[in-house]
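Single-structure report; data block below.
The values are calculated or read from the model by the stated rules, or taken from the named source; none is laboratory data. As the structure is a prediction and not an experimental result, all values here were calculated from the model. Methodologically, a virtual Cβ is constructed for each residue, glycine included, from the backbone with ideal geometry; neighbour enumeration extends over all protein chains shown. The protein model used for the area step is the full one, side chains on, heavy atoms only, and it has no ligands, DNA or RNA in it. Shrake-Rupley method; radii C 1.70, N 1.55, O 1.52, S 1.80 Å.
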Amino acid sequence: MAKIESLGIKTIESVHWYVHDLERSRRFYTQGLDFAELGVSSPELEKAGRQKSAVFQAGNVVLIVSQPVGEGGRAWRYLRKHPDGIGTVTYEVEDVEKAFRLLEARGGTFITDIQRFEDGQGGRLAMFSITTPFGDTTFRFVQRDGYHALFPGFVAHDKVKGGKNRFGFGHIDHMTANFQTMRPMLLWMEHVMGFESFWGIEFHTEKEGNVKKDHGSGLRSAVVWDPKSGVKFANNEPLRPFFKSSQINVFNEDHRGDGVQHLALTVKDIIASVKDMRDTAGIQFMPTPGSYYDLLPERIQRMGIKKIDEDIQKLRELEILVDGDKEHSYLLQIFMKEAAGLYKDPAAGPFFYEIIQRKGDKGFGGGNFRALFESIERQHKAEGRI
Ligand SMILES: [Fe+2]
């Protein structure tokens with residue numbers, strides 16, 4: 001298909017969560033991940049939206065978290081169908097009218113027309129929302145022209161509460177979602193959103209010879225991106241054989257539908273950040289076996305990276321993973337424990353965060369997906385689920 005006009009996305013401005021327990025999220029983000037709490041929803045907004053919300057920020061990562069107040073609001077409707085999860089991804093765009101016009105011409109489905117707000121200090125904000133094939137996750141497009149307030153209806157705290165981003169979060173590197181079948185979403189991302197194919201892989205444990213041949217778990221992945229902004233979405237669907245035991249299908253059973261599985265947040269120094277998270281904040285990560293590090297020197301040669309700056313013993317202690325495919329060009333990553341496992345509460349959902357430090361590697365090496373896949377597989381085994 002010929003290249004189609006860009007929507008003018010600048011960045012993922014924020015991600016909007018719907019949760020059962022805002023206090024639990026507040027503790028996780030402010031005391032756990034050292035995010036700052038910028039503000040909360042005003043009483044008027046809580047009444048109108050039938051949900052109470054707080055905004056958290058670390059670096060360029062902005063999260064809005066909402067809990068239902070009574071019945072009928074958006075958070076309540078989302079949580080009636082799913083455990084805690086991401087209900088909206090908000091993009092900042094250069095020109096909201098242009099984005100609206102392009103989406104309308106390409107068959108976008110609008111939840112709202114363009115809504116305009118002023119902050120009383122000369123700042124303006126315009127936005128609209130659309131439905132998507134990402135389950136019940138919607139997309140919102142925002143144009144800011146000097147708008148001072150956080151969002152309409154939010155009240156900034158006089159003094160920012162919570163943390164100071166001591167772990168050094170930078171921005172959202174990518175978002176990953178799981179589907180029962182992902183082709184409709186991929187076509188929609190291409191034809192409606194104007195994203196392009198970036199990378200793809202298939203993977204199955206049955207073919208790895210490390211499990212019994214009568215069962216196994218597979219996934220097919222496709223990464224799409226918006227070349228202008230660099231926004232990337234990685235997407236997974238189950239891969240035969242053994243559809244039912246594919247961890248992608250397990251996610252969909254737990255989430256009760258398609259939806260966002262993880263967000264990857266960048267850090268500048270993953271060793272220092274993860275050490276600090278483990279030692280001082282009690283953040284839990286998915287386990288990596290010692291054998292991974294026994295084989296790592298050989299893998300680094302085989303992947304063509306040849307040499308890494310980090311001490312393998314340190315990576316082993318912290319259970320940080322390495323991936324890449326070019327000489328001295330690689331990435332370091334680790335996956336936090338999923339919320340449902342962390343809180344021993346299925347209503348907390350199968351979502352987790354990834355922490356990533358890129359050292360020259362801009363892509364998605366095969367090992368990236370394999371490492372995550374194997375991490376989840378180990379977690380599922382440890383929980384006796386497979
Ligand atoms: Fe990822």
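For every residue, the table says whether it meets (1) within 21 Å of residue 153 (Cα to Cα); (2) basic (Lys, Arg).
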residue	(1), (2)
14	yes, no
17	yes, no
22	yes, no
27	no, yes
42	yes, no
50	yes, yes
53	yes, no
59	no, no
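Taking the conditions (1) more than 21 Å from residue 269 (Cβ to Cβ); (2) without any contact (Cβ under 8 Å) to a residue 12 or more places away in the chain in turn, residue 362 satisfies each one other than (1). Taking (1) part of a strand (DSSP E or B); (2) modelled with pLDDT under 95; (3) crowded, with 19+ Cβ neighbours inside 10 Å in turn, residue 216 satisfies each apart from (1).
Of all the criteria given as (1) more than 19 Å from residue 155 (Cα to Cα); (2) in contact (Cβ under 8 Å) with a residue 12 or more places away in the chain; (3) open to solvent by 10 Å² or more (accessible area, probe 1.4 Å), the one not satisfied by residue 91 is (3). Against the conditions (1) outside any strand (DSSP E or B); (2) in contact with a Gly (Cβ under 7 Å, 6 or more places away or on another chain); (3) within 16 Å of the ligand (Cβ to nearest atom), residue 374 satisfies every one except (2).
Would you point out which residue out of 181, 176 is touching a strand residue (DSSP E or B) at 6+ places or on another chain (Cβ under 7 Å) and either more than 16 Å from the ligand (Cβ to nearest atom) or open to solvent by 60 Å² or more (accessible area, probe 1.4 Å) (or both)? Step by step, each of 181, 176 is checked, and only 181 is touching a strand residue (DSSP E or B) at 6+ places or on another chain (Cβ under 7 Å) and either more than 16 Å from the ligand (Cβ to nearest atom) or open to solvent by 60 Å² or more (accessible area, probe 1.4 Å) (or both). Scoring residue 353 on the criteria (1) closer than 17 Å to residue 28 by Cβ; (2) in a helix (DSSP H, G or I); (3) among the hydroxyl-bearing types (Ser, Thr, Tyr) leaves a single failure, condition (2). Within the range 283-318, restricting attention to residues that are under 26 Å from the mean Cα position of the chain (by Cα) and open to solvent by 40 Å² or more (accessible area, probe 1.4 Å), the residue that is nearest to residue 33 (Cα to Cα) is 284.
For the range 57-68, which residues satisfy the criterion of being in a strand (DSSP E or B) and farther than 11 Å from residue 25 by Cα? Hits for the range 57-68 are 57, 58, 61, 62, 68.
Scanning the range 140-173 for residues that are among the aromatic types (Phe, Trp, Tyr) and within 16 Å of the ligand (Cβ to nearest atom) turns up just one, 169. Answer yes or no: is there a residue in the range 143-152 that is among the hydroxyl-bearing types (Ser, Thr, Tyr), not assigned by TED's automatic domain parsing to the domain that holds residue 228 and not in a loop (DSSP other than H, G, I, E, B). There is no residue in the range 143-152 that is among the hydroxyl-bearing types (Ser, Thr, Tyr), not assigned by TED's automatic domain parsing to the domain that holds residue 228 and not in a loop (DSSP other than H, G, I, E, B).
Residue pairs whose Cβ atoms lie under 8 Å apart, sitting 6 or more positions apart in sequence or on different chains, and linking a residue in the range 238-267 that is surrounded by 24 or more Cβ atoms within 10 Å (Cβ to Cβ) to a partner that is basic (Lys, Arg), are 238/220.
Here the range 325-357 is the region considered, the condition is being of a type in the set (D, E, K, R) and under 23 Å from residue 83 (Cα atoms), and the residue that is nearest to the ligand (Cβ to nearest atom) is 354. Checking every residue in the range 70-84 against the condition of being of a type outside the set (D, E, K, R), within 17 Å of the chain's Cα centre (by Cα) and open to solvent by less than 50 Å² (accessible area, probe 1.4 Å) gives at least one match. Residue 54 meets the conditions (1) part of a strand (DSSP E or B); (2) under 15 Å from the mean Cα position of the chain (by Cα); (3) closer than 24 Å to residue 281 by Cα in every case but one. The failed one is (2).
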